[in-house]
Amino acid sequence: MTGRFITLEGGEGTGKSTQIRRLAATLGEKGIATLCTREPGGSPGAEEIRKLLVEGEPGRWDAVTETLLVYAARADHVARTIGPALLTDTWVISDRFNDSTFAYQGVGRGLARETIRRIDSAVLDDFAPDLTLIFDLDVKISLDRAMARGAAENRFEKFGLEFHERLRQAFLDIAKRSPERCRVIDASGSEEQVAEAIFAAVSRRFDL
Ligand code: TMP
């Protein structure tokens, strides 16, 4: 594969979607073709599975079922969207990927890390992002922002503050565990400041 695979991770309402658009535009100015995508979703089938995951009541699925749904969507996303794009030299930027499962279904919902790791390895083999930007922000601020969006897709927001505090720590722990792949981005700055921090991390990682 010749393209690069960049993922953005972190809690709800940390500003990932805005920054994905900005990063794609900046890379485009440098002549790099990009594809912006998201999880759960990113292919027609995976978008259908997304609805099952992000709508409805928190207790709708037990943690194992939820994880299998996430990976069913991910398998389709990688096979039909991410993989083909990387083969054509396109850089793929995804709003969330497998770190979200280790945080949400693992630390959040209490599924053993080793169980997720085994599912991950069965589905993805060794496929992993080249760079992961972890958006870090005070949970009260980020949840308020997410709630203000008022979307129907609020199943995970309903898990409550304590759940989201644990998620924040889970993402920081992932960054510590994989320092060569992950960079923590302080998402409390202005949109401009965050965009600059992201581009600095991307340039450094890929020698732009
Ligand atoms: P979004 O709000 O960033 O679009 O993400 C949709 C929700 O899906 C978000 O609440 C996090 C959740 N999610 C998981 O629980 N596990 C996963 O593996 C992924 C990718 C997302």
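The values are calculated or read from the model by the stated rules, or taken from the named source; none is laboratory data. Just so we're clear, the structure is a prediction, and the values are computed from it rather than from any experiment. For neighbour counting, all protein chains shown are included, and Cβ atoms are generated from backbone atoms with ideal geometry for every residue, glycine included.
Data overview
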item: Every residue from the stretch 1-36 that is hydroxyl-bearing (Ser, Thr, Tyr), within 14 Å of the chain's Cα centre (by Cα) and surrounded by fewer than 21 Cβ atoms within 10 Å (Cβ to Cβ); result: 17, 18
item: Verdict on residue 45 being more than 30 Å from residue 140 (Cβ to Cβ) and small (Gly, Ala, Ser); result: yes
item: Residue 178 being of a type in the set (Gly, Ala, Ser), free of Cβ contacts under 8 Å to residues at least 60 places away in the same chain and under 18 Å from residue 131 (Cα atoms); result: yes
item: Residue satisfying condition, being over 17 Å from residue 203 (Cα atoms) and touching a helix residue (DSSP H, G or I) at 6+ places or on another chain (Cβ under 6 Å), within set 26, 14, 18; result: 14
item: Test: residue in the stretch 28-43 that is at pLDDT 95 or above, charged (D, E, K, R) and within 19 Å of residue 156 (Cβ to Cβ); result: yes
item: Boolean, residue 41 is assigned to a loop (DSSP other than H, G, I, E, B), crowded, with 21+ Cβ neighbours inside 10 Å and within 12 Å of the ligand (Cβ to nearest atom); result: yes
item: Among the candidates 85, 24, residue that is of a type in the set (A, V, I, L, M, F, W, C), on the phi < 0 side of the Ramachandran plot and in contact with a Gly (Cβ under 8 Å, 6 or more places away or on another chain); result: 85
item: Conditions (1) closer than 20 Å to residue 10 by Cβ; (2) of a type in the set (A, V, I, L, M, F, W, C); (3) surrounded by fewer than 19 Cβ atoms within 10 Å (Cβ to Cβ); number of the one not met by residue 52; result: (1)
item: Within the stretch 130-154, considering residues that are within 12 Å of the ligand (Cβ to nearest atom) and polar (S, T, N, Q), the one modelled with the lowest pLDDT; result: 154
item: Test: residue in the stretch 63-81 that is modelled with pLDDT of 95 or more, hydrophobic (A, V, I, L, M, F, W, C) and away from the ligand (no atom under 14 Å from the Cβ); result: yes
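For every residue, the table says whether it meets (1) under 21 Å from residue 164 (Cα atoms); (2) among the hydrophobic types (A, V, I, L, M, F, W, C); (3) more than 15 Å from the ligand (Cβ to nearest atom); (4) assigned to a strand (DSSP E or B).
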site: 27; (1), (2), (3), (4): no, yes, yes, no
site: 37; (1), (2), (3), (4): no, no, no, yes
site: 47; (1), (2), (3), (4): no, no, no, no
site: 50; (1), (2), (3), (4): yes, no, no, no
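Okay, residues lined up against (1) in contact (Cβ under 8 Å) with a residue 40 or more places away in the chain; (2) more than 16 Å from the chain's Cα centre (by Cα):
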position: 170; (1), (2): yes, no
position: 188; (1), (2): yes, yes
position: 192; (1), (2): no, yes
position: 196; (1), (2): no, yes
position: 201; (1), (2): yes, yes
